[in-house]
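Before any comments, here is the structure.
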Amino acid sequence: MSPLLATASHTAHPTGMWLLLATLAAAGYLLHCVIWPYRACRKCQGAGRFRSPSGRAWRYCNRCGGRGAQLRAGRRIWTHLKNLDRNRR
């Protein structure tokens, strides 16, 4: 056996494995969004309100409307897909 053949390695790229991993990650994120549809608001860190610039009064957050939570992007996609299916019927 020649030395070149003995040192040759398998050079195929595991594309199928990466596609499977990406599909599993997307399915896991979608399941996460179905179970926990809301995330903490980035502006108020989930408090729903914060002190005004003068520091003497509280104001409600403009982004979340004072709820402290915002819908996740994956949940918006899930709801859109459900509505497409419902409107088709």
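The values are calculated or read from the model by the stated rules, or taken from the named source; none is laboratory data. Just so it is clear, the structure is predicted and the values come from calculations on it, not from any experiment. Counting neighbours? That spans all protein chains shown, and the Cβs are built from the backbone with ideal geometry, glycine included. SASA here: full protein model, heavy atoms, side chains in, ligands and nucleic acids out. Shrake-Rupley method; radii C 1.70, N 1.55, O 1.52, S 1.80 Å.
So if each residue of separation counts as 0.36 nm, and I subtract the Cα-Cα distance between Arg67 and His13, what length gain in nm does that give? Show your work: numbers first, answer last.
Details: separation 54, 0.36 × 54 = 19.44 nm, distance 4.76 nm.
Additional length available on full extension: 14.7 nm.
Would you calculate the volume per residue, in Å³, of the smallest convex hull containing every Cα atom of the chain? Show your work: numbers first, answer last.
Values: hull volume 16.6 nm³, N = 89.
So the per-residue Cα hull volume is 187 Å³.
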Nearest-ten-degree value, helix 15-35 long axis tilted from longest Cα axis of the chain: 20 degrees
Calculated [θ] (222 nm, deg cm²/dmol) that DSSP helices of n ≥ 4 give over the chain, each run adding -39,500 (n - 2.57): -15000 deg cm²/dmol
Tilt relative to the chain, helix 73-88 - C-alpha long axis, 0 to 90 degrees, to 10: 90 degrees
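So with the 1.4 Å probe, I'd like the accessible area per residue for segment 27-89, rounded to whole Å². Intermediate results must be reported in sequence, preceding the final value.
Working: 5060 Å² over 63 residues.
Spelled out: the 1.4 Å probe surface of segment 27-89, per residue, equals 80 Å².
Please label the shape of segment 40-89 as rounded, prolate or oblate, based on the square roots a ≥ b ≥ c of the eigenvalues of the alpha-carbon gyration tensor (a/c under 1.5 means rounded; beyond that, a/b larger than b/c means prolate, else oblate).
Details: a/c = 5.88, a/b = 3.75, b/c = 1.57.
Here segment 40-89 falls in the prolate category.
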Cα-centred dipole magnitude for the chain, charges only on beta-carbon of K, R (+1) and D, E (-1), debye, nearest 20: 1020 debye
Among Gly46, Gly74, Gly16: highest mean-square fluctuation, GNM of the chain, C-alpha pairs under 10 Å: Gly16
